[in-house]
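Undergrad: My questions will all concern the structure given below.
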């Protein structure tokens, strides 16, 4: 049995785009500017850099490696997306920690103390939620529907389950 990950160009194009659009609309609604369309496009472009970068350089290679050891399921894919997004939060929090001192200078406490104090705010939860949603979208968009030539299809039942 050859274990491979599911890859789809459609999933690669659309899955990382959904969360930046949603977050940019929320940001624009919370603090509307003079041109809401420009604000949404600007924040979508900014968020897409992070989202596509994480998908292409973290999520897809990790999915490939995991698929070599175990068959991929929706739950495993979503768990991997959530964990990787949580790990991707660490460099962002490190940069915030480095500028948390007086006048954006060196910080006074340790990084661990900073994470305990400020690390579990709304900005932390935005990362795992985005990772989960992107992984879920990728999984559903990359799934290939069963066709007539698919061995799982049994007498027109595309789920592969026999009717009894």
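The values are calculated or read from the model by the stated rules, or taken from the named source; none is laboratory data. Since the structure is predicted, the reported quantities are computational estimates derived from the model, not experimental observations. Methodologically, a virtual Cβ is constructed for each residue, glycine included, from the backbone with ideal geometry; neighbour enumeration extends over all protein chains shown.
Undergrad: Within region 124-143, is there a residue that is assigned to a loop (DSSP other than H, G, I, E, B), over 19 Å from the mean Cα position of the chain (by Cα), surrounded by 10 or more Cβ atoms within 10 Å (Cβ to Cβ) and at pLDDT below 90?
TA: Looking for residues that are assigned to a loop (DSSP other than H, G, I, E, B), over 19 Å from the mean Cα position of the chain (by Cα), surrounded by 10 or more Cβ atoms within 10 Å (Cβ to Cβ) and at pLDDT below 90, one finds none in region 124-143, hence no.
Undergrad: Out of region 69-112, which residues are surrounded by fewer than 12 Cβ atoms within 10 Å (Cβ to Cβ) and under 20 Å from residue 140 (Cα atoms)?
TA: The answer is 70, 71, 73, 75.
Undergrad: Under 7 Å between Cβ atoms, which residue pairs at least 6 apart in sequence (or on different chains) link something in region 117-129 that is more than 13 Å from residue 23 (Cα to Cα) with a partner that is part of a helix (DSSP H, G or I)?
TA: 119/93; 124/89; 128/82; 128/85; 128/86
Undergrad: Assess whether residue 56 counts as being touching a helix residue (DSSP H, G or I) at 6+ places or on another chain (Cβ under 9 Å), under 28 Å from residue 8 (Cα atoms) and part of a helix (DSSP H, G or I).
TA: yes
Undergrad: Against the definition (closer than 24 Å to residue 141 by Cβ and free of Cβ contacts under 8 Å to residues at least 12 places away in the same chain), how does residue 64 come out, yes or no?
TA: In short, no.
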